[in-house]
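Novice: Have a look at the structure that comes next, please.
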Ligand SMILES: NC(=O)C1=CN([C@@H]2O[C@H](COP(=O)(O)OP(=O)(O)OC[C@H]3O[C@@H](n4cnc5c(N)ncnc54)[C@H](O)[C@@H]3O)[C@@H](O)[C@H]2O)C=CC1
Ligand SMILES: O=C(O)[C@@H]1CCC=N1
């Protein structure tokens, strides 16, 4: 499969790192980014072909991944439109796979003159080590073959979760797109507190990271609900009970809910603000 990336920043780099080496012979990755430093890094690490501007290599790909900031999508669509028009005149319709937060498929389709083959996705950065999870939704004009191709690409860097309604991509963003940052935030807080309690930075890091990894693996491998696993750690009148009571009093659970509602609302707002441009 030939895949073109428009935008070679953080998330594209994570996807390319996961995909590189997994493409069948003859497949390749082409990256367009105006920042030569970003291209150099990707060329050195993964041998991708690279360009600072869009050219015919982009519509020659079977899948074009749109990996620029939401605020740049309108401009990228206007640069891409003439190239996609030419491809369609030649009887080809490459699949557009957007990873941008907020941007709705219908707006993207309209900016491209009614382009039908769009899959909107929300990946996350653990894709870098093949442990990502991607929420996905297909626009009505996507063929079964294109849907499979999109799924195949995202499965190369982790697992996929398809949703039926595009509006659910904002909640997906709030859970798994932004989610790694919440986990890192929690780990940072645990590391800082570990030091305050007298452990070294190294000890705090090792204990906190191994605890996150171990607890997540245990939950993944268990048939029981996470709440049961939590209860099993929590002895009556013990240390965990003291910690969880303190969290409850500080409103940690409510704060997490509030943070996720803010993320989903921001995704929706980005779509409304940026989709209104024409
Ligand atoms: N970072 C993350 O964890 C996630 C990001 N996303 C989405 O991925 C997209 C990219 O985000 P990041 O990689 O974090 O941003 P980034 O800022 O690291 O990367 C964006 C890249 O696009 C390039 N660019 C700007 N204008 C361009 C143009 N006209 N043509 C080609 N390239 C252009 C920039 O030079 C930069 O390298 C965003 O839409 C974001 O919503 C989605 C899921 C997770
Ligand atoms: O913060 C953002 O807007 C992007 C989307 C999900 C993760 N990073």
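Novice: Determine which member of the set 129, 99, 103, 118 is in contact (Cβ under 8 Å) with a residue 60 or more places away in the chain, touching a strand residue (DSSP E or B) at 6+ places or on another chain (Cβ under 6 Å) and closer than 24 Å to residue 172 by Cα.
Specialist: One residue alone meets the criteria, 99.
Novice: Show me the helices (runs of 4 or more DSSP H) found entirely inside the stretch 117-201 where at least 3 residues are surrounded by 21 or more Cβ atoms within 10 Å (Cβ to Cβ) and either modelled with pLDDT under 95 or on the phi < 0 side of the Ramachandran plot (or both).
Specialist: Here the list reads 144-155, 169-172.
Novice: Sticking with this one: I'd like the full set of residues that are more than 18 Å from residue 189 (Cβ to Cβ) and surrounded by 12 or more Cβ atoms within 10 Å (Cβ to Cβ), limited to the stretch 233-252.
Specialist: Within the stretch 233-252, 233, 234, 241 meet the criteria.
Novice: Taking the stretch 99-116, which residues are closer than 17 Å to residue 146 by Cα, within 15 Å of ligand 1 (Cβ to nearest atom) and not in a loop (DSSP other than H, G, I, E, B)?
Specialist: 105
Novice: Please go through the stretch 9-30 and give me each residue that is in contact with a helix residue (DSSP H, G or I) (Cβ under 9 Å, 6 or more places away or on another chain), in contact (Cβ under 8 Å) with a residue 60 or more places away in the chain and more than 8 Å from ligand 1 (Cβ to nearest atom), ordered by number.
Specialist: 15, 17, 18, 19 - these are the residues of the stretch 9-30 that are in contact with a helix residue (DSSP H, G or I) (Cβ under 9 Å, 6 or more places away or on another chain), in contact (Cβ under 8 Å) with a residue 60 or more places away in the chain and more than 8 Å from ligand 1 (Cβ to nearest atom).
Novice: Next up: Could you say whether any residue in the stretch 253-272 is surrounded by 11 or more Cβ atoms within 10 Å (Cβ to Cβ), more than 16 Å from ligand 2 (Cβ to nearest atom) and in contact (Cβ under 8 Å) with a residue 12 or more places away in the chain?
Specialist: Yes, some residue in the stretch 253-272 is surrounded by 11 or more Cβ atoms within 10 Å (Cβ to Cβ), more than 16 Å from ligand 2 (Cβ to nearest atom) and in contact (Cβ under 8 Å) with a residue 12 or more places away in the chain.
Novice: Those residues that are surrounded by fewer than 18 Cβ atoms within 10 Å (Cβ to Cβ) and either closer than 24 Å to residue 143 by Cα or more than 23 Å from the chain's Cα centre (by Cα) (or both), I need them from the stretch 63-82; list them, please.
Specialist: Matches in the stretch 63-82: 78, 79, 81, 82.
Novice: Let me spell it out: the conditions are (1) without any contact (Cβ under 8 Å) to a residue 40 or more places away in the chain; (2) in contact with a helix residue (DSSP H, G or I) (Cβ under 6 Å, 6 or more places away or on another chain); (3) buried (at least 22 other Cβ atoms within 10 Å of the Cβ), and residue 112 meets all of them except one. Which number is the exception?
Specialist: (3)
Novice: Residues 178, 78: which one is in contact (Cβ under 8 Å) with a residue 12 or more places away in the chain, over 30 Å from residue 259 (Cβ atoms) and within 13 Å of ligand 1 (Cβ to nearest atom)?
Specialist: On inspection, the qualifying residue turns out to be 78.
Novice: Among the residues that make up the stretch 31-43, is at least one of them within 20 Å of the chain's Cα centre (by Cα), more than 15 Å from ligand 1 (Cβ to nearest atom) and touching a residue at least 12 places away in the same chain (Cβ under 8 Å)?
Specialist: No: the stretch 31-43 contains no residue that is within 20 Å of the chain's Cα centre (by Cα), more than 15 Å from ligand 1 (Cβ to nearest atom) and touching a residue at least 12 places away in the same chain (Cβ under 8 Å).
Novice: Could you tell me whether residue 147 is in the same structural domain as residue 9 (by TED's automatic domain parsing) and in contact (Cβ under 8 Å) with a residue 40 or more places away in the chain?
Specialist: no
The values are calculated or read from the model by the stated rules, or taken from the named source; none is laboratory data. As the structure is a prediction and not an experimental result, all values here were calculated from the model. Every residue, glycine among them, receives a Cβ derived from its backbone with ideal geometry; neighbour counts consider all protein chains shown.
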